[in-house]
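A short worksheet on the structure shown next.
Read-outs: derived from the displayed coordinates by stated rules, not from any lab. The shown structure was predicted, so the numbers you read here are calculated from the model rather than taken from an experiment. Here the Cβ positions follow ideal geometry from the backbone for every residue, glycine too, while neighbour counts run over all protein chains shown.
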Amino acid sequence: MDAHAKREGPLPPMWHYGETEHDPISTKTLGFWLYMLSDALIFAGLFAAYGVLAQPMNAAGGPTIAQIIHPVAAFLQTIAVLSSVLAYSLATVALKTGNRNGVLLGITIAIVLGIAFIGLELSDFASLFAVGATPDRSGLLSAFYILVATHGLHMMFGILWMLVLIPQIMRSGFTTAIVARLLNLRLFWQFQASVWVCVYVFVYLRGAIQ
Amino acid sequence: MTDPHNPEPDPLRHAEVQQAGAIGYVSGTILTIALLGVALLITEQKSMQPTPVLVTISGLSIFLLVSQAILFFGLDVSRYNIWKSVSLILTVPLFILSIGLTVWMFHALGPVMAMPEMPGMPLQPTTLQ
């Protein structure tokens with residue numbers, strides 16, 4: 001203790017104060033990223049349930065997975081979701097230079113393509129309902145609908161988030177809070193592309209070879 | 001960088017805003033659509049046995065997910081992304097284990113339930129039916 005008191009010059013810092021500045025944007029994006037990882041584990045549970053139930057025995061005499069999925073038609077959904085993700089991602093490229101019109105245009109295109117994706121999915125569901133392949137028909141169909149629709153529900157919430165952000169950007173511009181929301185939505189929207197890769201391969205392509 | 005009359009820094013100069021790159025996003029999109037198209041062709045041709053097809057399309061999907069982590073999410077070991085990268089690496093085994101172990105635990109369910117009924121040994125329907 002005494003040795004420290006007699007030491008000449010400034011005391012060495014116990015903490016580098018210059019590096020502890022609060023960063024509201026990084027704090028929010030890391031927090032949201034951790035939420036998304038927990039969301040990924042929800043999908044893991046749904047994929048696990050589907051993996052168990054995706055067998056002809058669990059069709060309970062009803063249609064098997066190979067009879068209800070259409071990988072070629074679902075490829076249109078793949079193009080729609082990835083184009084939407086690209087449009088939103090390019091909106092955040094426009095954000096770098098504060099190009100408000102570019103950001104709004106990218107978000108608008110992302111919304112339109114996202115709605116197209118959901119429209120294709122609902123159309124697919126409607127055609128299955130028309131032939132009696134409803135979720136309560138068998139355990140296999142329950143797992144199929146829940147897995148695919150959960151991804152679709154995420155897409156709907158993403159679109160809703162974009163619709164809420166547009167008036168905020170028009171009213172307030174690129175404040176710290178709005179920029180953090182735009183970055184979080186980029187993470188969320190790109191995450192939907194990753195989940196769709198798993199859904200398309202695990203449900204549609206794997207189902208076609210069963 | 002910081003205006004003395006306005007202590008809040010410009011949010012558009014933040015590293016996570018500036019990390020956005022059109023080349024990475026366009027490359028990631030084209031790569032994903034192209035490889036999923038290849039996986040679709042392999043599946044539709046039906047010229048291979050199911051197991052090799054399954055292994056091939058699973059490999060393509062893993063490659064795509066890693067590519068998206070880099071090209072879309074921009075994950076790396078920089079100061080702004082290191083903890084995102086670490087948390088993802090720690091979560092991936094949980095994701096794989098939760099799916100893999102569950103499917104493995106029940107993998108015998110299909111063949112067992114599909115057994116023909118034997119005299120004196122009637123198979124009872126399960127709740128899955």
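Provide Rg over Rh for the range B:1-99; use the alpha carbon set for both Rg and the Kirkwood Rh (inverse mean inverse pair distance).
Looking at the range B:1-99, the ratio lands at 1.17.
How charged is the neighbourhood of residue A:73? Take every other residue with its Cβ under 11 Å from the Cβ of residue A:73, and add Lys/Arg as +1 and Asp/Glu as -1.
Numbers: positive: none; negative: A:121, A:124.
Around residue A:73, the surrounding residues sum to -2.
Taking the Cβ of residue A:161 as the centre, find all other residues whose Cβ is under 12 Å away and add up their charges (Lys, Arg: +1; Asp, Glu: -1). Write out the running numbers ahead of the final one.
Numbers: positive: A:181, A:186; negative: none.
Computed value for this residue: +2.
Could you work out, residue by residue across B:21-27, how many beta carbons of other chains sit within 10 Å of that residue's beta carbon, and then give the average as an integer? Don't skip to the answer; put the middle values down first.
On the way: counts 4, 7, 1, 2, 10, 4, 0.
The per-residue average across the peptide is 4.
Relative to 2.2 N^0.38 Å, what does the C-alpha radius of gyration of the protein assembly as shown come to as a ratio? Two decimals please. Don't jump to the answer; show the numbers that get you there.
On the way: Rg = 24.5 Å, N = 339, 2.2 N^0.38 = 20.1 Å.
Against the compact-globule rule of thumb, the ratio is 1.22.
For the range A:66-210, build the convex hull from the C-alpha positions and give me its volume per residue in Å³.
97 Å³
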